[in-house]
Amino acid sequence: MPSSVSIPNHLAIRTRGFLSIGAQMQSVISRIAQSDSPVLILGEHGVGKRSVAEQIHAHSNRSSRSFQEIQAAEVSAANLSAALSNHGTVYLAEVGEIGHLLQDLMISAYQQGRMRCRLLCGSSRDLLDRVRAGQLREDLLYLISTVALRVPPLRYRHSEILVIADELLTFYSQKFERPKPTLCDEMIGHLTEHTWPENLPELQTAIKTIIAIGDQAVSLAAIRAASPSRRRSSTPQNLRLKEATKASSIQIERQLISEVLGLTSGNRRRAAIELGISYKALLYKLKRIQAEDQQKPVKEGVA
């Protein structure tokens, strides 16, 4: 049976260039990296599975060789064969989506000694369900899961949210060439109480919004408006069609303003041009968003 290692909840994982790893996680990675055994990295979308794979590679004796990421649902037989035959590390993302012919190819490459890479696989799905449904070979699952790592979602890592947020603030302040802000109490409350259904990418977007906009009251209104949980619950079922359309339009407007401000690094004049409205109109909309959120504060549940 494959061994399984759970990554402790307090450990933060990199996303798109960001990395925060605790000492215990470093120890786990260093230990796993010393062997050439395949590793299966499990976790929801956005928890940092690719980052774990990169760190395993960086701490291994293959660190001077290539690290290659492959999307299992998109790779061709020729590209997969070439990747498996190199002497670097291959990260096969969403391995449960790989087709039957490529599963046969992987088993054949392993049995015939043509798999020379260090194989790391990631999945956000229960692979045993795929096996039971006949969509994944059981022997392939055992091959790729000699060691299994489980990366917890952010909703189980509340004690580390502010640590991750602080490092992201440092990173994006430097990238956007803005002063690093000190978070206000209301922003801290939102960051620590929100359930982060989209995990690290959602937190990353929130921090970029804070840096880009500058005004934390406005930033908080934009972050709340763009929240996946807010979007899902924004239109009560008992609204009439006209009211529902209006509510939906307001939410779309809020989200669009937030996204464009992020893309323009908080430059409101450029954002107004991109949105096709006057600078004065954009300021009015930002003030209205702030006022509405102050009158009807959103309370996020804690998982």
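Numbers at a glance
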{"item": "Extension gain (nm, one decimal) between Val163 and Lys180, 0.36 nm per residue minus Cα-Cα", "result": "4.7 nm"}
{"item": "For Leu136, distant residues with modelled amide H under 5 Å away", "result": "Val131"}
{"item": "Fully extended contour minus Cα-Cα distance, from Arg65 to Ala281, at 0.36 nm per residue", "result": "72.4 nm"}
{"item": "When the convex hull of its Cα atoms is projected in every direction, mean area for the stretch 98-145 (nm²)", "result": "3.3"}
{"item": "Sites Ser35 and Glu259 - FRET efficiency at Förster radius 51 Å, r taken between beta-carbons, to 0.05", "result": "0.70"}
{"item": "Per residue, the convex hull volume that the Cα atoms of the stretch 52-139 enclose (Å³)", "result": "89"}
{"item": "D (Stokes-Einstein, µm²/s), Kirkwood Cα radius, the stretch 58-215, 1.567 mPa s at 4 °C", "result": "70"}
{"item": "Over the stretch 112-200, volume per residue of the alpha carbon convex hull, in Å³", "result": "162"}
{"item": "Charged-residue dipole, Cβ positions (Lys, Arg, Asp, Glu), the stretch 21-143 about Cα centre, Debye nearest 20", "result": "400"}
{"item": "Label-to-label distance, nm, for residues given as Glu44 and Asn79 (7 Å Cα→Cβ offset)", "result": "2.9"}
{"item": "Probe 1.4 Å, protein heavy atoms only - accessible area per residue of the stretch 140-186 in square angstrom", "result": "51"}
{"item": "Length added when fully stretched, Asp104-Arg150, from 0.36 nm per residue minus Cα-Cα", "result": "14.0 nm"}
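The values are calculated or read from the model by the stated rules, or taken from the named source; none is laboratory data. Computed from a prediction, not measured in an experiment: that's the story for all the values here. Note: ideal-geometry Cβ built from the backbone for every residue, glycine included; neighbour counts use all protein chains shown. All accessible areas refer to the heavy atoms of the entire protein, side chains included, with ligands and DNA or RNA removed. Shrake-Rupley method; radii C 1.70, N 1.55, O 1.52, S 1.80 Å.
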